[in-house]
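K.L.:
Can you read through this structure? Questions will come right after.
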Amino acid sequence: MEIENYISFGTELFSFNNDVINDNFSFINNLTYVEGKHTITAGVAYEVQKFGNSFTRMGTSYYRYASVEDFLTTGTPNEVSANHVGLTYPYEGQETYSRVNFGLASLYAQDKYSVNNRLSLTFGVRFELPVYLNDLTANPSINNLDLLNPEGDVVNYDSGNWPNSRLMVSPRLGFNYDVKGDRSFILRGGTGVFTVEYLLYG
């Protein structure tokens with residue numbers, strides 16, 4: 001029976017320059033006006049997310065030898081193996097971080113109407129607009145792929161462009177009911193149209 005020996009030493013391949021930056025900023029201003037049974041609240045908000053991911057697999061490089069003897073005597077990696085040398089580095093003039101800077105501007109208003117001492121109804125609407133704050137670096141390997149849309153037609157994806165920024169409208173309504181009148185049992189509920197902006201990052 002042939003026994004193969006395997007030795008590995010040095011820095012492992014996955015932690016070098018592995019880091020995440022996630023800075024979030026929120027700016028909110030609300031105004032409330034009370035008129036009889038109506039409590040009207042309106043406001044604006046602007047949220048900013050600055051995200052950076054650094055993952056440089058094989059950033060410290062590696063060399064693979066056929067045997068300890070080759071390492072000690074020749075110093076030449078095993079060229080028979082297709083993976084005898086590995087090294088990862090960023091494009092010229094680029095840092096190791098892939099960055100996404102994303103903003104969300106919002107305008108909203110709601111009316112809380114007190115029907116009586118036990119029941120209140122809330123009506124509101126929120127308008128949101130995504131804002132893309134940085135340019136993307138296109139990946140030619142992705143751009144050259146022929147993809148299929150739901151109709152089966154071939155389409156090409158431009159990885160250097162953000163999706164179109166569209167205004168998202170989210171109406172909603174809710175209620176708050178004090179069942180026994182002593183706030184020991186409160187029933188709450190609501191419904192609405194809620195939109196979520198997803199960022200696929202990889």
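The values are calculated or read from the model by the stated rules, or taken from the named source; none is laboratory data. Remember, predicted model here, so these are calculated numbers, not experimental data. Positions of Cβ are backbone-derived with ideal geometry, glycine not excepted, and every protein chain shown enters the neighbour counts.
K.L.:
For segment 154-165, give me the residue count where each residue is without any contact (Cβ under 8 Å) to a residue 24 or more places away in the chain and within 27 Å of the chain's Cα centre (by Cα). Show your work before the answer.
P.N.:
First, pick out the residues of segment 154-165 that are without any contact (Cβ under 8 Å) to a residue 24 or more places away in the chain: 154-159, 163-164.
Keeping just the survivors that are within 27 Å of the chain's Cα centre (by Cα) gives 155-159, 163-164.
So the count comes out to 7.
K.L.:
Another question about this same structure. State the number of residues belonging to segment 78-97 that are more than 18 Å from D19 (Cα to Cα) and either at pLDDT 85 or above or outside any loop (DSSP other than H, G, I, E, B) (or both).
P.N.:
2
K.L.:
Give segment 115-152 a look and list any residue that's surrounded by 15 or more Cβ atoms within 10 Å (Cβ to Cβ) and among the hydroxyl-bearing types (S, T, Y), or say none.
P.N.:
S120, T122, Y132
K.L.:
Is it the case that some residue within segment 115-130 is under 21 Å from the mean Cα position of the chain (by Cα) and modelled with pLDDT under 90?
P.N.:
First, the residues of segment 115-130 that are under 21 Å from the mean Cα position of the chain (by Cα): 127-130.
Applying the additional criterion that residues be modelled with pLDDT under 90 yields none.
No, the conditions are met nowhere in segment 115-130.
Residue by residue, here is whether (1) outside any strand (DSSP E or B); (2) more than 30 Å from L173 (Cα to Cα); (3) in contact (Cβ under 8 Å) with a residue 40 or more places away in the chain holds:
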residue	(1), (2), (3)
V34	no, no, no
A45	no, no, yes
T76	yes, yes, no
R99	no, yes, yes
V125	no, no, yes
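Quick grid of which residues meet (1) β-branched (V, I, T); (2) touching a helix residue (DSSP H, G or I) at 6+ places or on another chain (Cβ under 9 Å):
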residue	(1), (2)
T39	yes, no
G43	no, no
K50	no, no
S54	no, no
G59	no, no
Y63	no, yes
D70	no, no
T73	yes, no
T76	yes, yes
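K.L.:
Of the conditions (1) in a strand (DSSP E or B); (2) surrounded by fewer than 14 Cβ atoms within 10 Å (Cβ to Cβ); (3) among the small types (G, A, S), G160 clears all except one; give me its number.
P.N.:
With (1) in a strand (DSSP E or B); (2) surrounded by fewer than 14 Cβ atoms within 10 Å (Cβ to Cβ); (3) among the small types (G, A, S) applied to G160, the lone miss is (1).
K.L.:
Can you spot a residue in segment 172-195 that is closer than 26 Å to N18 by Cα, surrounded by fewer than 14 Cβ atoms within 10 Å (Cβ to Cβ), aromatic (F, W, Y) and free of Cβ contacts under 8 Å to residues at least 24 places away in the same chain? Give the derivation first.
P.N.:
Filtering segment 172-195 for residues closer than 26 Å to N18 by Cα gives none.
No, segment 172-195 contains no residue that is closer than 26 Å to N18 by Cα, surrounded by fewer than 14 Cβ atoms within 10 Å (Cβ to Cβ), aromatic (F, W, Y) and free of Cβ contacts under 8 Å to residues at least 24 places away in the same chain.
K.L.:
Out of all the residues in segment 102-123, is one or more of a type in the set (A, V, I, L, M, F, W, C) and assigned to a helix (DSSP H, G or I)? Show your work before the answer.
P.N.:
So the first thing to find is which residues in segment 102-123 are of a type in the set (A, V, I, L, M, F, W, C), and the list is 102, 104-105, 107, 109, 115, 119, 121, 123.
Going one step further and asking which of them are assigned to a helix (DSSP H, G or I), we end up with none.
Scanning segment 102-123, I find no residue that is of a type in the set (A, V, I, L, M, F, W, C) and assigned to a helix (DSSP H, G or I), so the answer is no.
K.L.:
Filter segment 163-185 down to residues that are among the aliphatic types (A, V, I, L, M), part of a loop (DSSP other than H, G, I, E, B) and farther than 30 Å from S98 by Cβ, then give me how many there are. If you could, list the steps in order and put the result at the bottom.
P.N.:
Just the residues of segment 163-185 that are among the aliphatic types (A, V, I, L, M), to begin with: 167-169, 173, 179.
Now restrict to residues that are part of a loop (DSSP other than H, G, I, E, B): 167, 179.
Now restrict to residues that are farther than 30 Å from S98 by Cβ: 179.
Residues that pass the stated criteria total 1.
K.L.:
Mind checking whether some residue in segment 56-73 is touching a Leu at 6+ places or on another chain (Cβ under 9 Å) and part of a strand (DSSP E or B)?
P.N.:
Yes, segment 56-73 contains a residue that is touching a Leu at 6+ places or on another chain (Cβ under 9 Å) and part of a strand (DSSP E or B).
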